[in-house]
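Asker: Here you go, one structure.
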Amino acid sequence: MIAVLPCAYLRVSMYLTQAEILDGIRRPDGTLAVLSAIDQRVCILARASMVQTQWASGNPFGWIADSTLPENCANPSSCRELKSRCFQRNVVAGVFAAFPFDSDQAKQLGLCSVCTEDGNTKFVAGRKKMWEALPSYFELPPWGDLKNDL
């Protein structure tokens, strides 16, 4: 298996709608590009799993789902409420938030600087954790077992 396959599956899972995954997409020449039934299944199931997993403890947005705050939070009641609203808004919508999360986006949440920094640190660690697990979402072996056959 080639090492680029998890990344290709990730792009499909992130950027195509479920209908596009199932029905295919039009190429510039008008022909239809359609994934195999197996690839469709893998991408749809992986997306559902990643949407849920990203909010679990230790993963990119687990810190938002967690009601605990850093001890030196400047405004605990406000930060807790802002995190809760962000969690509810995104989980209900089923957002797959694979976008890079940076301090500007954290500031847009309205959290204090301590919670923003804490969130950024936890996000980076969680993103690394999910990246290492990426092949498993697509029923592939670990990164080390995938080959660069290109």
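Throughout, read-outs are computed from the coordinates displayed, never taken from laboratory work. Note that the coordinates shown come from a computational prediction; the quantities given were computed from them, not determined experimentally. Cβ atoms come from the backbone with ideal geometry, glycine included; neighbour counts cover every protein chain shown.
Asker: How much net charge surrounds PRO76 when only other residues with a Cβ under 13 Å from its Cβ are counted (Lys, Arg +1; Asp, Glu -1)?
Answerer: Residues close to PRO76 contribute a combined charge of -1.
Asker: Where is the GNM fluctuation largest for the chain (alpha-carbon springs, 10 angstrom cutoff): ALA125, ALA48, ALA19?
Answerer: Comparing ALA125, ALA48, ALA19 in the GNM, the peak value goes to ALA19.
Asker: Working from Cα positions, state the angle (0 to 90°, nearest 10) between the long axis of helix 5-15 and the longest principal axis of the chain.
Answerer: Roughly 70 degrees, rounded to the nearest 10.
Asker: Here's another thing I want to ask about it. So what is the calculated 222 nm ellipticity per residue for the chain, using -39500 (n - 2.57) for each DSSP H run with n of 4 or more, over all residues, to the nearest 500 deg cm²/dmol?
Answerer: Rounded to the nearest 500, the figure is -18500 deg cm²/dmol.
Asker: Counting other C-beta atoms within 10 Å, which of ARG80, ARG27 has the fewest, and how do the rest follow?
Answerer: Ordered from fewest to most neighbouring Cβ atoms within 10 Å, ARG80, ARG27 come out as ARG27, ARG80.
Asker: If the elastic network links every pair of Cα atoms under 10 Å, which of CYS115, CYS43, CYS73 fluctuates the most in the Gaussian network model of the chain?
Answerer: Sorting by GNM fluctuation, first place goes to CYS73.
Asker: Classify the range 5-145: rounded, prolate or oblate, from the alpha-carbon gyration tensor (a ≥ b ≥ c, eigenvalue square roots; a/c under 1.5 rounded; otherwise prolate if a/b is larger than b/c)?
Answerer: It comes out prolate by the Cα gyration axes.
Asker: Could you work out how far the C-alpha centroid of the range 118-141 sits from that of the range 1-50, in angstrom?
Answerer: A separation of 20 Å, based on Cα centres.
Asker: Another question, if that's okay. How would you rank GLU20, GLU71, going from fewest to most other Cβ atoms within 10 Å of each one's own Cβ?
Answerer: Result, fewest neighbours first: GLU71, GLU20.
Asker: On a 0 to 90 degree scale, rounded to 10, what angle separates helix 76-93 from the longest Cα axis of the chain?
Answerer: Between the helix axis and the principal axis of the chain, the angle is about 20 degrees.
Asker: Something else: Highest GNM mean-square fluctuation, the chain, Cα pairs closer than 10 Å: which of GLY126, GLY110, GLY58?
Answerer: Answer for the Gaussian network model of the chain: GLY110.
Asker: Given +1 on the Cβ of Lys and Arg, -1 on the Cβ of Asp and Glu, and no further charges, what dipole in debye does the chain carry about its Cα centre, rounded to the nearest 20?
Answerer: Using only the charged Cβ atoms, the result is roughly 200 debye.
Asker: If we count other beta carbons within 10 Å of each Cβ, what is the order of MET50, MET14, fewest first?
Answerer: Ranking MET50, MET14 by Cβ neighbours within 10 Å, fewest first, gives MET14, MET50.
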